[in-house]
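**Student:** Please see the structure below; I have some questions.
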Amino acid sequence: MREDGKWRCTSMRAVALTSLTKAETELRELRSAGAVFGLLNVDDEFFVIIRPGPAGTRLLLSDATAALDYDIADEVLEELDADIDADDLEDADPFEEGDLGLLSDIGLPAAVLGVILDESDLAVDEQLHRIASEMGFDEQLTAALPRRGR
């Protein structure tokens, strides 16, 4: 979240990675005067950006084909009212679904987010760090992430 021009990052509970409703509730509970959004890295397979707001929640799913194996990805597609049949996902290459402009008013233009998503050689965590770097909070994101292997 960003308040008074400064970014603050906190880790979300693990349950947020399994339920869109739980992730959205957790973000809404943060109560901030500034911008609040969540970057969910699900099993290093795909990510979801969630940005709750008064007019509804804006969403972006980095890989719609993840809906075949992950309930949260399926929930995102459902919430987006995406007209995508499961059979169409079976043989599809990964593709994003949702609002590329959901962070444009706070520092990440849709075109830049699109370029990051197109960089298929980047791992999910690398894509999320690119987003954070472009927006100016990579240091805070790194500090908030749980330490792996320690």
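The values are calculated or read from the model by the stated rules, or taken from the named source; none is laboratory data. Everything numeric here is computed off the predicted structure, so don't read it as measured data. FYI the Cβ positions are ideal-geometry reconstructions off the backbone, even for glycines, and counts take in every protein chain you see. In case anyone asks, the SASA skips ligands and DNA or RNA and just uses the protein heavy atoms, side chains included. Shrake-Rupley method; radii C 1.70, N 1.55, O 1.52, S 1.80 Å.
**Student:** Select from A67, A23, A92 the residue whose mean-square fluctuation is largest in a Gaussian network model of the chain (Cα-Cα springs shorter than 10 Å).
**Tutor:** A92
**Student:** Say each of S32 and D125 gets a label point 7 Å from the Cα, pointing the same way as Cα to Cβ; how far apart are those two points in nm?
**Tutor:** That separation, rounded to one decimal, is 2.2 nm.
**Student:** Summing +1 for each Lys or Arg and -1 for each Asp or Glu, what net charge is found among the other residues whose Cβ lies under 9 Å from the Cβ of L61?
**Tutor:** Working: positive: none; negative: D63, E96, E97.
It works out to a net charge of -3.
**Student:** So if I restrict to the alpha-carbon atoms in the chain, what is the Rg, and what is Dmax, the biggest pairwise distance, in Å?
**Tutor:** 14.7, 47
**Student:** I've got another one for you. Express the relative contact order of the range 2-144 as a whole percentage, based on alpha carbon pairs under 8 Å and six or more residues apart in sequence. Don't skip to the end; give the middle numbers.
**Tutor:** On the way: 192 pairs, mean separation 30.7, N = 143.
Relative contact order, the range 2-144: 21 percent.
**Student:** Solvent-accessible area per residue for the chain at a 1.4 Å probe radius, Å²? Write out the running numbers ahead of the final one.
**Tutor:** Values: 8590 Å² over 150 residues.
With all protein chains present, the chain gives 57 Å² per residue.
**Student:** Hand me the trypsin sites (Lys or Arg not before Pro) from the range 1-71 located in a DSSP loop with no more than 16 other Cβ atoms within 10 Å, in residue order please. Could you put the intermediate results ahead of the total?
**Tutor:** Details: sites: R2, K6, R8, R13, K22, R28, R31, R58; in loops: R8, R13, R31.
Listed in order of number, the matching sites are R8, R13, R31.
**Student:** Run the simple label-point estimate for A144 and I84 please: 7 Å along Cα→C-beta, distance reported in nm.
**Tutor:** With each label placed 7 Å out from Cα toward Cβ, I get 2.5 nm.
**Student:** Could you check how much of the accessible area of the range 55-140 is carbon and sulfur, as a whole percent, using a 1.4 Å probe?
**Tutor:** On the way: 1800 of 4630 Å².
Summing carbon and sulfur atoms, their accessible area is 39 percent of the total for the range 55-140.
**Student:** Turning to a different aspect of this structure: Given the options N41, M12, L60, identify the residue whose Cα lies farthest towards the positive end of the charge dipole of the chain (+1 on Cβ of Lys, Arg; -1 on Cβ of Asp, Glu).
**Tutor:** M12
**Student:** Using a Gaussian network model of the chain whose springs link C-alpha atoms within less than 10 Å, name the residue from I106, I116, I49 with the highest mean-square fluctuation.
**Tutor:** Most flexible of the set in this elastic network: I106.
**Student:** Summing -39500 (n - 2.57) over the DSSP H runs of n ≥ 4 in the chain and dividing by its residue number, what mean residue ellipticity at 222 nm do you reach, to the nearest 500 deg cm²/dmol? Show your work: numbers first, answer last.
**Tutor:** Details: 6 runs with 51 residues, N = 150.
Value at 222 nm, helices only, nearest 500: -9500 deg cm²/dmol.
**Student:** What is the magnitude of the charge dipole of the range 2-144 about its Cα centre, with +1 placed on the Cβ of each Lys and Arg, -1 on the Cβ of each Asp and Glu, and no other charges, expressed in debye to the nearest 20?
**Tutor:** Computed charge dipole of the range 2-144: roughly 1360 debye.
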